[in-house]
Amino acid sequence: MTGTDQNHDWPLWEVFVRSRRGLSHTHAGSLHAPDAEMALRNARDLYTRRSEGVSIWVVPSAEITASSPDEKDSFFEPSGDKPYRHPTFYAIPDGVKHL
Amino acid sequence: MTATSVARTAALALGDDALVLSHRLGEWAGHAPVLEEEVALANIALDLLGQARILLSLVGDEDELAYLREERAFRNLQLVEQPNGDFAHTIARQLFFSTYQHLLYGRLAAGDGEFAPLAAKAVKETEYHRDHAEQWTLRLGDGTEESHARMQRAVDTLWRFTGEPFQPVEGLAEAPLVEEEWLASVTTVLERATLTVPEGPRTGAWAAGAGRQGLHTEPFGRMIAEMQHLHRSHPGATW
Amino acid sequence: MTAVTEGQTHPAKEGSAPDQQTVFDAAVAADERIEPRDWMPDAYRASLVRQIAQHAHSEIIGMQPEANWITRAPSLRRKAILMAKVQDEAGHGLYLYSAAETLGTSREELLDKLHAGRQKYSSIFNYPTLTWADVGAIGWLVDGAAITNQVPICRCSYGPYARAMVRICKEESFHQRQGFESLLALSQGTPEQHAMAQDAVNRWWWPSLMMFGPPDDESSHSAQSMQWKIKRHSNDELRQRFVDIAVPQAKALGLTLPDPDLRWNEERGHHDFGAIDWAEFWDVLKGNGPCNDQRITQRRRAHEEGAWVRDAAAAYASKHRKTKGEAA
């Protein structure tokens, strides 16, 4: 009956909470739980006890792949010189509406 | 709003259940096996205290009822007054009681009696309490050898208190009706948790009755002595 | 707060350390936030871990003196408030341990250090709660001092710590208020209740002033922490701010503060106050306070007695490890 890889330390989970319908889930924090079911419940108890949420996601922290700060330049800077992606780039004559 | 006299008996029974179990769960503060569980147990205790305050207020002044009644006037089940014991005992007590409460409030919410509005809110709370108890029963029962043994011992010890909730109470005709469902539900959880459903009796041999008749177990007297001491030391004071 | 730390990913590139230091210094100087995977000086990381751990430990040890009164709370309303408050403290401990985890330090490791006496918690919790009024005094004075300390940390240079503090400060706003309200009820109650309130304030006032830490010229970590913007104001500055806030509140409560030297100084625009007994502070810190042993013993016992529960859940999880998607 003893578990195979018994471990005192419960893994860490990242918690994402949808604060109300119509909004996307945002990162609320993290917590420890032995498995996904308990992680959801712990998240409910910890992060929504003041009615902060209507829906919760939990993700094992170890499963998150993050971009690296070292790659900041190659990842994010190239998008900085493409103002034509933004509507303010375009001149529209006065009086033209609904554009 | 105050209740009719028949409903008062029932409100007192249900209110005392919630008050006493909330107090017991409050004793866990600072002692839980893991921080996440501090938060979970306190949530349940707060739900129950909220229920107790509403129910006792149907009968009279909530503080007078909680703090100035003698032990024999409390109408809670003996199950809820049982000391916390280890975490397995607390979970077994939670499983037995929250399953009962959930089924009972489900019935009350569906009816058109005086408790229907209260029950509609409580049924959601108790659903979560029951789920919490089920999750832990599974993990302790089907966890390690030690946890299995502790959980089985807790189930066996508390089993003799699980018949009382279904004894007829004035104003609460629904209570006996949920016993079969309770037994089926608890059996399913225990079996999934690889635990054995006890074969022993579910009520004590004392013909005079139990908690609903104001007959309690010895630890209860000490529990309310602690609960009431400060309030009683300052008669008439407001806090 | 993500657990992804720089240690697991990209070690600093060879020869780039000075650049990294420059980038870090510039970010701090520009009031930008440092995030978990950014390069940071080892000493900055160590200092943060020390401070966040001490803060987290204070939250969970701080549950004990107040939980001491949950079972005796004199009304059901007060009982609900107290349970919710002690619960918040567990929650705040969790937020803070999470913030520490982003620096590559597990909660287990920090708890082990707490239990072994190798990391500290706020000394204030080594004083006992002798009467119900102590619960009110803790809310008003101890939480008041804590909030004075914590509000500036919401702008701390380390992102996860700052975010945890924002959440904590938001939730704690009720803690101080409930304490004040509870003391006010006592102060305006029966003569016995009033005396109880005054006695509690007499005992908690000085330890609350000590919560801001030693005077600036004796504080070992202060200068560097200020430079890194982990800390924004000096100990003495915050202590003065707290005294100035507390004096009119005490008056509103109808209670006195136990300091004959306390008076308004027109010239400074602040209250002068008497000398703090730093010998007591250092003695309590060293372990000789009235409750040091009791607090750590209870904490350790809860952890040890919970081991079989944590093991059981871990064993169950490894037996049933078929991850089922449960998306919303």
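A few notes on this one:
- Of everything in region B:171-211 that is acidic (Asp, Glu) and surrounded by 14 or more Cβ atoms within 10 Å (Cβ to Cβ), the residue that is modelled with the lowest pLDDT is B:Glu174.
- Test for C:Gly104: is it in contact with a helix residue (DSSP H, G or I) (Cβ under 6 Å, 6 or more places away or on another chain), open to solvent by 20 Å² or more (accessible area, probe 1.4 Å), outside any helix (DSSP H, G or I) and in contact (Cβ under 8 Å) with a residue 12 or more places away in the chain: yes
- Filter pass, B:Ala184 being assigned to a helix (DSSP H, G or I) and either under 20 Å from B:Asn84 (Cα atoms) or under 17 Å from the mean Cα position of the chain (by Cα) (or both): no
- Selection of helices (runs of 4 or more DSSP H) fully inside region C:135-213 by the criterion of at least 2 residues being among the β-branched types (Val, Ile, Thr) returns C:143-150, C:159-187.
- Cβ-Cβ contacts under 9 Å between residues 6 or more apart (or on different chains), taken from a first residue in region B:227-239 that is more than 8 Å from every other protein chain (Cβ to nearest Cβ) to a second residue that is open to solvent by 30 Å² or more (accessible area, probe 1.4 Å) and assigned to a helix (DSSP H, G or I), are listed as B:Gln228/B:Leu68; B:Gln228/C:Arg72; B:Arg232/B:Leu68; B:Ser233/C:Glu192.
- Exclusive hit being within 30 Å of C:Phe24 (Cα to Cα) and polar (S, T, N, Q), set A:Ser24, A:Ser51, A:Ser67, A:Ser19: A:Ser67
- C:Leu111 within 22 Å of C:Leu183 (Cβ to Cβ), surrounded by fewer than 22 Cβ atoms within 10 Å (Cβ to Cβ), hydrophobic (A, V, I, L, M, F, W, C) and out of contact with any Ser or Thr (no Cβ under 9 Å at 6 or more places or on another chain): no
- Residue check, A:Ala39 buried (at least 20 other Cβ atoms within 10 Å of the Cβ) and more than 12 Å from the chain's Cα centre (by Cα): yes
- Residue check: C:Ile276 meets all listed conditions (1) touching a residue at least 24 places away in the same chain (Cβ under 8 Å); (2) more than 14 Å from chain B (Cβ to nearest Cβ); (3) open to solvent by less than 20 Å² (accessible area, probe 1.4 Å) but one, namely (3).
- Filter pass, B:Pro235 being surrounded by fewer than 20 Cβ atoms within 10 Å (Cβ to Cβ), under 17 Å from the mean Cα position of the chain (by Cα) and over 30 Å from B:Gly106 (Cβ atoms): no
- Residue count for region C:186-200 under the criterion of being of a type outside the set (S, T, N, Q), surrounded by 17 or more Cβ atoms within 10 Å (Cβ to Cβ) and either facing another protein chain (nearest Cβ under 10 Å) or within 25 Å of C:His233 (Cβ to Cβ) (or both): the result is 3.
- Boolean, C:Asp217 is free of Cβ contacts under 8 Å to residues at least 12 places away in the same chain, more than 30 Å from C:Glu32 (Cβ to Cβ), surrounded by fewer than 20 Cβ atoms within 10 Å (Cβ to Cβ) and away from chain B (no Cβ under 14 Å): yes
- Scanning region C:151-184 for residues that are open to solvent by 30 Å² or more (accessible area, probe 1.4 Å) and touching a strand residue (DSSP E or B) at 6+ places or on another chain (Cβ under 6 Å) yields a count of 0.
- Set B:Ala116, B:Ala45, B:Ala92: member being open to solvent by 10 Å² or more (accessible area, probe 1.4 Å) and either within 26 Å of B:Trp182 (Cα to Cα) or hydrophobic (A, V, I, L, M, F, W, C) (or both): B:Ala116
- From the list B:Glu127, B:Glu62, B:Glu38, the one residue that fits, being modelled with pLDDT of 95 or more, open to solvent by 10 Å² or more (accessible area, probe 1.4 Å) and over 28 Å from C:Arg72 (Cβ atoms), is B:Glu127.
- Unique match (being closer than 20 Å to B:Ala40 by Cα and touching a residue at least 24 places away in the same chain (Cβ under 8 Å)) among B:Ala193, B:Ala133: B:Ala133
The values are calculated or read from the model by the stated rules, or taken from the named source; none is laboratory data. Predicted, not measured: the structure shown is a model, and the values here were computed from it. Note that each Cβ is placed from the backbone with ideal geometry, even for glycine, and that neighbours are counted across all protein chains shown. What goes into the accessible areas is simple: the full protein's heavy atoms, side chains included, and nothing from ligands, DNA or RNA. Shrake-Rupley method; radii C 1.70, N 1.55, O 1.52, S 1.80 Å.
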